[in-house]
1. How about the stretch 75-91: which of its residues are in contact with a Ser or Thr (Cβ under 9 Å, 6 or more places away or on another chain) and either assigned by TED's automatic domain parsing to the domain that holds VAL29 or β-branched (Val, Ile, Thr) (or both)?
2. Which of (1) modelled with pLDDT under 95; (2) under 10 Å from the mean Cα position of the chain (by Cα) does GLY61 not meet, given it meets every other one?
3. Please find, among GLN116, GLN95, GLN28, the residue that is surrounded by fewer than 15 Cβ atoms within 10 Å (Cβ to Cβ) and polar (S, T, N, Q).
4. Identify, by number, the condition in (1) over 17 Å from GLN134 (Cα atoms); (2) at pLDDT below 95 that GLY51 doesn't meet.
5. Would you tally the residues in the stretch 38-84 being in a helix (DSSP H, G or I), in contact with an Asp or Glu (Cβ under 8 Å, 6 or more places away or on another chain) and more than 20 Å from MET1 (Cβ to Cβ)?
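The values are calculated or read from the model by the stated rules, or taken from the named source; none is laboratory data. Just so it is clear, the structure is predicted and the values come from calculations on it, not from any experiment. Because the Cβ atoms are built from the backbone with ideal geometry, glycine has one as well, and the counts that use them run over all protein chains shown.
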Amino acid sequence: MRLTTQTDFALRTLMYLTARSGRATIAQVAELFGISAHHVAKVVNLLARLGYVRSIRGIGGGIELARRPEEVRLGDFIEALEGNMHLLECVETEQVCAIQSFCKLKGVLAEAERVQIEYLNGVTLRDVTPTSRQLNRLAPA
């Protein structure tokens, strides 16, 4: 499995908000990670639609977590952003390969996917978030 850049930026945004424990701005997230504010804004829009963040407009506004970090399971989160995470099409779809009816690879890959998602769902956003002190060391002077 290889995650898209969008999922990478989304995870970084959620980790930043978790470490910060409050509101932040898109500009702050973008600056800390050295990524485009435009890309962060697109990711935040998606995260808001999926219910992971709240976006507050106006003076004192910004973005904040909409869920507790302990409740965000990485497997579910990655699946929500990535969609189909099958290693090969045959794991999910019938009759895509001439040998599918007797192929042992399909079962092996299906089990690998199951183990992977089970493991990722045992890890929460809280588990992977650096401390605010660690993030502050990265902040530009």
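1. If the condition is that a residue be in contact with a Ser or Thr (Cβ under 9 Å, 6 or more places away or on another chain) and either assigned by TED's automatic domain parsing to the domain that holds VAL29 or β-branched (Val, Ile, Thr) (or both), then ILE78 is the only one that fits.
2. Of everything listed in (1) modelled with pLDDT under 95; (2) under 10 Å from the mean Cα position of the chain (by Cα), GLY61 misses just condition (2).
3. Testing whether each residue is surrounded by fewer than 15 Cβ atoms within 10 Å (Cβ to Cβ) and polar (S, T, N, Q) leaves just GLN95.
4. Going through (1) over 17 Å from GLN134 (Cα atoms); (2) at pLDDT below 95 one by one, GLY51 breaks only (2).
5. Summing the residues that are in a helix (DSSP H, G or I), in contact with an Asp or Glu (Cβ under 8 Å, 6 or more places away or on another chain) and more than 20 Å from MET1 (Cβ to Cβ) in the stretch 38-84 gives 0.
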